[in-house]
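What follows is a set of notes on a single structure, which appears directly below.
Throughout, read-outs are computed from the coordinates displayed, never taken from laboratory work. Keep in mind the model is a prediction, meaning the values are calculated, not measured. Here the Cβ positions follow ideal geometry from the backbone for every residue, glycine too, while neighbour counts run over all protein chains shown.
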Amino acid sequence: MNEPRIVVGAAIRDGRRVLAAARAYPPELAGLWEFPGGKVEPDETETEALVRECREELGVAISVGDRVGGDLSTGNGRYLLRVYFAELLEGEPHTKEHAELRWLAPDELDSVPWLPGNRPAVDALRDLLNA
Ligand SMILES: Nc1nc2c([nH]c(=O)n2[C@H]2C[C@H](O)[C@@H](COP(=O)(O)OP(=O)(O)OP(=O)(O)O)O2)c(=O)[nH]1
């Protein structure tokens, strides 16, 4: 079995709200919600991957902060998901690749169907936002 590929997700904060994004593809993941981000390329750091993905997917510049929760195995063991807090530096997020974007308060985090592997990250996020 190959080593899992690292996938990074940005929990972009605006006060106590966090940006969630509904996937538009592939069909089996469409309509499920995630943190904007993607696979870390071999020549980049996790921070660089988050900055690149948020520029490509949302059209914004971000700064990357602390980790949210631990490493999560997802995609049937193909990926290791790492979520980081992030702040907007420039631009307003808009849908370039996602079906929908939504700012969620801590008590709204359960109002969308997350990708199955994201559950522990969402729980950790709620705890951190409520702390
Ligand atoms: N971006 C992101 N991907 C997640 C999360 N949770 C989760 O299980 N995944 C999975 C979904 C995908 O199978 C995989 C990431 O793939 P992706 O399609 O976002 O990555 P990418 O932008 O680099 O895609 P590509 O260029 O290879 O098409 O990780 C999450 O919160 N954010």
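Counting only Cα atoms, the chain measures 41, 30, 28 Å along its principal axes, largest extent leading. With each label modelled as a point 7 angstrom along the Cα→C-beta vector, the Glu97-Ala131 pair spans 2.9 nm.
What are the trypsin sites (Lys or Arg not before Pro) within the stretch 72-116 that DSSP puts in a loop, where the Cβ has at most 15 other Cβ atoms within 10 Å?
Qualifying residues, ordered by number: Arg78, Lys96.
In order along the stretch 8-17, the phi-based Karplus estimate (6.51 cos²θ - 1.76 cosθ + 1.60, θ = phi - 60°) of 3J(HN,Hα) comes to 10, x, 9, 8, 6, 9, 9, x, 9, 9 Hz; Gly and Pro are listed as x. Annotation note: GluC sites (Glu not before Pro) in the stretch 8-86 located in DSSP loop regions with a Cβ neighbour count of at most 11 within 10 Å are Glu28. Remark: the stretch 22-34, residue by residue, has Karplus-estimated 3J(HN,Hα) of 8, 5, 9, 7, x, x, 6, 10, 4, x, 8, 9, 8 Hz, where x stands for each Gly or Pro and the curve is 6.51 cos²θ - 1.76 cosθ + 1.60 at θ = phi - 60°.
With a simple spin-label model that places each label point 7 Å from the Cα along the Cα-to-Cβ direction, the separation between Leu32 and Glu3 comes to 2.5 nm.
For Ala11, the amide hydrogen comes within under 5 Å of the amide hydrogens of Tyr84, Phe85, Ala86, counting only partners 5 or more places away or on other chains and with H modelled in the peptide plane. Per-residue 3J(HN,Hα) values for the stretch 40-53, derived from phi via the Karplus relation 6.51 cos²θ - 1.76 cosθ + 1.60 with θ = phi - 60°, read 7, 6, x, 9, 10, 7, 4, 4, 4, 5, 5, 4, 4, 5 Hz in sequence order (x marks Gly and Pro).
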